[in-house]
Each structure stands twice: as structure tokens, then as C-alpha cells.
Amino acid sequence: MNQLELFEHIKNKYDWLDIDTITIDDLPNEEMKIIAQECGIDVALKLMMKCSGLYFNIPVNGFNSLKAKYILKNFDGQNSRRLALQLEVSLGFVLKVIRDSYYE
């Protein structure tokens, strides 16, 4: 659902809501305000519509498995430090990914 479709859906389902006047301050809690600031009010509204009642936990290391895939794909035997800098991980993380893949 793109932003225009979302706004049309909100206008149809929530006809009492004036979508054009919604601001971040109108959102119900600090988490929704952060989502709106970082991702847009449309994303916050869509989450409120589609996921109300759910709790989310966004892990700090949520990209680690993707970083590991990238390391394994791009490691050339001598670029472990460059990969660590590029991915903002420790050299130990890079070496562990490489070592673990070797023993699999």
C-alpha cells in the first residue's frame, strides 16, 4: 500500500479523521512519535491501523545475519579489517563469522 492508497484507506475507514491535519504531537505515545519522526507519519499511521495491540522489539544487532552474509560473500582472505570498518563491527566479529563458516 503506497502513501496515497494509505491516505485513501484512512479517509474511507476513519472518515471522522482529518488526515491532512495530523501532526507528530497527535500520536498516542513516544514510540509512535519516534517512528513518525524517523520513518514518516504514514508509516506510524499504518502501524497503528494494521498492528494495534502488538508489541515490537527491534534488536540492536538485527543486521548481524545480513552482515555475516556480506562478509562471507566479500571476504578475500586479506580484507577482514576493511570489512569490519565498512560494516561497523569488530574485527573479532568478522573473524568469528569466517571461522564459523569454515567449521560448518
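The residues in region 31-76 that are assigned to a loop (DSSP other than H, G, I, E, B) and modelled with pLDDT of 95 or more can be counted, and the count is 3.
Remark: ILE98 matches the filter, which requires a residue to be of a type outside the set (Gly, Ala, Ser), at pLDDT 90 or above and surrounded by 12 or more Cβ atoms within 10 Å (Cβ to Cβ). When residues in region 16-58 are screened for being charged (D, E, K, R), within 17 Å of LEU4 (Cβ to Cβ) and surrounded by 15 or more Cβ atoms within 10 Å (Cβ to Cβ), 2 of them pass. Taking region 12-26 only, how many residues are in a helix (DSSP H, G or I) and over 12 Å from LEU45 (Cβ atoms)? Selection size over region 12-26: 4.
The values are calculated or read from the model by the stated rules, or taken from the named source; none is laboratory data. Please read all numbers here as calculations on a predicted model, not as lab measurements. Note that each Cβ is placed from the backbone with ideal geometry, even for glycine, and that neighbours are counted across all protein chains shown.
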